[in-house]
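S.K.: Structure below; questions to follow.
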Amino acid sequence: MKILVSGGLGYIGSHTVVELLEKDIEVVIIDNLYNAQKETHDNITKIANKPSTFIQMDATDYDGLKALCQLHHFDGIIHFAGYKAVGESVAKPLMYYYNNLLSTINLARVATEENIQKFIFSSSATVYGDGTSPFSEDMALLERTNPYGETKAMSERILSDASKANPNFNVTLLRYFNPVGAHMSGLIGEVPNGIPNNLMPYVTQVAKGIREKLSVFGNDYPTIDGTGVRDYIHVVDLAKGHVAALLSDKKGVNIYNLGTGKGTSVLELINAFMKENNLNIPYQIVDRRPGDIAISYANAEKALKELQWEAKLTIEDMVRDAWHFEKNVR
Ligand code: WQD
C-alpha cells in the first residue's frame, strides 16, 4: 500500500508517518515547511528505521499534486496540511480560507481524477462548537467561533459532497480532541511557532524556564475545580487512529471522534505534570480566554466499535513524553 501524506512533517503528521512505516506502508510526504522542519524527516527515518520519500510541496499546488499522483499511483491520501492557530485565523481569515480550503479541494480533485479511493482528513472537535459533551459524531454541528474551525467544518462538507458524487471516493473525517505528548523516543513532538497558544506546550516551556509562569484562563467554569475541561489524547494514540481508519474497508463518508472519552481540567493536567516529572509549574489564575468553552470531551465509542481503535495511553504518559521531548529539542 502506498500513501500520500500532506503535512507529514508536522506534529500529528510526523507521528502518523512513523506508525504507517511501522506497518510496512509505503509513504510519500509532502510539506511546505511553513510550520515544520526538514530534520523531522531524518528523525522519522531514525525512529522507524525505514525509508520514506519527502518532497517539499504546497498542497495548494494543483499541478504539482497532479504530477506526483500520476507518478506514484497512491492507494490513499492522509491530509494534515493546514494552518491551525485559532487567534491568527481571526486576524488573517482570508489566508486561512485560501490555504485550508484550496489544499482540501486540490487533493480531493486529484484523488477523484486519479482514482485514489481512500481519503483521510484531519478534522477537529472544534466543529462541535459550544455544544454539550460528550460529543458524538451524529450531533448537529453548532456555529464555529473562528475561521480556523470554519475551515475544518467546510472541508468536511466539501469532502462529503465529493464522496457522494464519486462512489469510489471514500472519505474518513477524524475529529481530534486535544492532541498532546510526543513520541517516546523524544525525537519528534510539537514545536510551536513563537508563544504557544495551547496548554501543554506552554506548560513544557514554563518547566524549561523559557516562560516565567503559566496563565490559567478562568477558574469559574462549572467544572470540578472551575478550570476548563478537555479530552487530552496522546499523539501516538492519535496517529494509530489514522492507521486504523486507513485499514478499514468502510465505504462512503465515515466520521470518527479521536479522543479518550475522559475529561481532564487545566489544574488536573498541571498537577499530573508536576507529579510525574517532579517539577514545579508556577501559575496564576487570569480571566477566561474569549471563545473557550467550559467542557469538551468525546464519546469515543464509534471508533472502538467500527475501527477497533481506542486510546490506550494515560495522562501520565502524555505529560512524561511531552517533557521528555521539550528537554531534547532546540
Ligand atoms: C486547553 C485548556 C484553556 C492555554 C484549541 C483549538 C482547537 C484545536 C486545539 C488546533 C482550555 C486552557 C490554555 C494557557 C490555559 N486546534 N489554557 N492557559 O482551546 O481546547 O483547543 O487547540 O490545532 O481547535 O481551539 O486547547 O490547549 O488552547 O486549551 O489555561 O496558556 O487550557 O482555557 O481550558 P483548546 P488549548
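The values are calculated or read from the model by the stated rules, or taken from the named source; none is laboratory data. Everything numeric here is computed off the predicted structure, so don't read it as measured data. Note that we place each Cβ from the backbone using ideal geometry, even for glycine, and neighbour counts take in every protein chain shown. What goes into the accessible areas is simple: the full protein's heavy atoms, side chains included, and nothing from ligands, DNA or RNA. Shrake-Rupley method; radii C 1.70, N 1.55, O 1.52, S 1.80 Å.
S.K.: Considering only residues that are more than 21 Å from SER248 (Cα to Cα) and surrounded by 21 or more Cβ atoms within 10 Å (Cβ to Cβ), which ones fall in the range 107-122?
M.R.: VAL110
S.K.: Output the number of residues of the range 157-177 satisfying the condition of being buried (at least 19 other Cβ atoms within 10 Å of the Cβ) and either over 26 Å from GLU306 (Cα atoms) or touching a residue at least 60 places away in the same chain (Cβ under 8 Å) (or both).
M.R.: 11
S.K.: Okay, next question. Do you know which residues across the range 300-330 are farther than 30 Å from GLY186 by Cα and touching a residue at least 12 places away in the same chain (Cβ under 8 Å)?
M.R.: GLU301, LYS302, GLU306
S.K.: Tally the residues that are touching a helix residue (DSSP H, G or I) at 6+ places or on another chain (Cβ under 8 Å) and either surrounded by fewer than 16 Cβ atoms within 10 Å (Cβ to Cβ) or among the hydroxyl-bearing types (Ser, Thr, Tyr) (or both), restricting the search to the range 144-156.
M.R.: 3
S.K.: Taking the condition of being among the β-branched types (Val, Ile, Thr) and touching a Leu at 6+ places or on another chain (Cβ under 7 Å), how many residues in the range 273-314 meet it?
M.R.: Matching residues across the range 273-314 total 1.
S.K.: Given (1) farther than 18 Å from LEU9 by Cα; (2) over 20 Å from the mean Cα position of the chain (by Cα), where does ILE55 come up short, assuming only one miss?
M.R.: With (1) farther than 18 Å from LEU9 by Cα; (2) over 20 Å from the mean Cα position of the chain (by Cα) applied to ILE55, the lone miss is (1).
S.K.: Can you tell me which residue is farthest from GLY8 (Cα to Cα) among those in the range 58-90 that are open to solvent by 40 Å² or more (accessible area, probe 1.4 Å) and within 16 Å of the ligand (Cβ to nearest atom)?
M.R.: VAL90
S.K.: Take the conditions touching a residue at least 24 places away in the same chain (Cβ under 8 Å) and within 27 Å of MET154 (Cα to Cα) and apply them to ALA48. Does it pass?
M.R.: When the stated conditions are applied, ALA48 does not pass them.
S.K.: Now, a different point. When only residues in the range 289-310 that are open to solvent by less than 60 Å² (accessible area, probe 1.4 Å) and assigned to a loop (DSSP other than H, G, I, E, B) count, which is nearest to the ligand (Cβ to nearest atom)?
M.R.: This residue is ASP292.
S.K.: May I pose another question? Count, please, the residues in the range 318-328 that happen to be more than 18 Å from the chain's Cα centre (by Cα) and surrounded by 15 or more Cβ atoms within 10 Å (Cβ to Cβ).
M.R.: Looking only at that region, the number is 4.
S.K.: For the range 215-222, state whether one or more residues are open to solvent by 30 Å² or more (accessible area, probe 1.4 Å), polar (S, T, N, Q) and at pLDDT 95 or above.
M.R.: Checked the range 215-222: at least one residue is open to solvent by 30 Å² or more (accessible area, probe 1.4 Å), polar (S, T, N, Q) and at pLDDT 95 or above.
S.K.: Right, something else. What is the number of the single condition among (1) open to solvent by 70 Å² or more (accessible area, probe 1.4 Å); (2) farther than 21 Å from GLU156 by Cβ that LEU313 does not meet?
M.R.: Result: LEU313 passes all but (1).
S.K.: Restricting attention to the range 181-198, does a residue exist that is closer than 25 Å to GLU301 by Cα and within 14 Å of the ligand (Cβ to nearest atom)?
M.R.: Within the range 181-198 (the criterion being closer than 25 Å to GLU301 by Cα and within 14 Å of the ligand (Cβ to nearest atom)), the answer is yes, since at least one residue qualifies.
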